[in-house]
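Shown next, in structure tokens, is the structure this report addresses.
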Amino acid sequence: MTKTISVWLLAIFFVANVSIAQAQQAPRVPRIGFLGATTLATIPARIDAFRQGLRDLGYVEGKSIVVDYRWAEGKMERLPDLANELLRLKVDVIVTSSPTVTRAAKEATVLQVKLSEEKYQTNKFYV
């Protein structure tokens, strides 16, 4: 009888531990997309200030936060594609380096939302 109870207790212990282990998920690491019109070499002070600001908030790049940098290298026509690339990476926020870049990011995100809405629309009839 004692053996049976011991086996049952052991089985319950393992089931409980497996359930707890499955419930504990790795914490999600925030992801920032940085979209720049030029290159890193042209605005190092801004990037250093950006990184310092993240550190001041308790974030460590590559550990507690991921930053994906995309640079247009002076070719403004590349901005929409780079913004869309950041969206495909599922960044939480896009940081930009200038108003021109902000406009390109905004247009990409508006288009993305519009396409998503169209994808999930059903046939609607209006009278």
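Just so you know, all these numbers are worked out from the coordinates, no wet-lab data involved. Predicted model only: the values in this text are computed from it and were never measured. As a convention, Cβ positions derive from the backbone with ideal geometry for all residues, glycine included, and neighbour counts pool all protein chains shown.
For Val93 and Asp48, calculate 0.36 nm times their separation in residues minus their Cα-Cα distance, and state this gained length in nm to one decimal.
On the way: separation 45, 0.36 × 45 = 16.20 nm, distance 1.86 nm.
Difference between extended and current length: 14.3 nm.
Using a ≥ b ≥ c from the Cα gyration tensor of region 31-118 (square roots of the eigenvalues), is it rounded, prolate or oblate, where a/c under 1.5 gives rounded and otherwise the larger of a/b and b/c decides, a/b for prolate? Spell out each step's value before the answer.
Values: a/c = 2.41, a/b = 1.33, b/c = 1.81.
Judged from the Cα gyration tensor, region 31-118 comes out oblate (a/c at least 1.5, b/c at or above a/b).
Within the straight-line cut-off of under 16 Å between alpha carbons, the aspartates and glutamates reachable from Lys106 are Glu77, Asp81, Glu85, Asp92, sequence neighbours fewer than 8 places apart in one chain being disregarded. Treating r as the C-beta distance of Thr100 and Val29 and R0 as 30 Å, the FRET efficiency rounds to 0.50.
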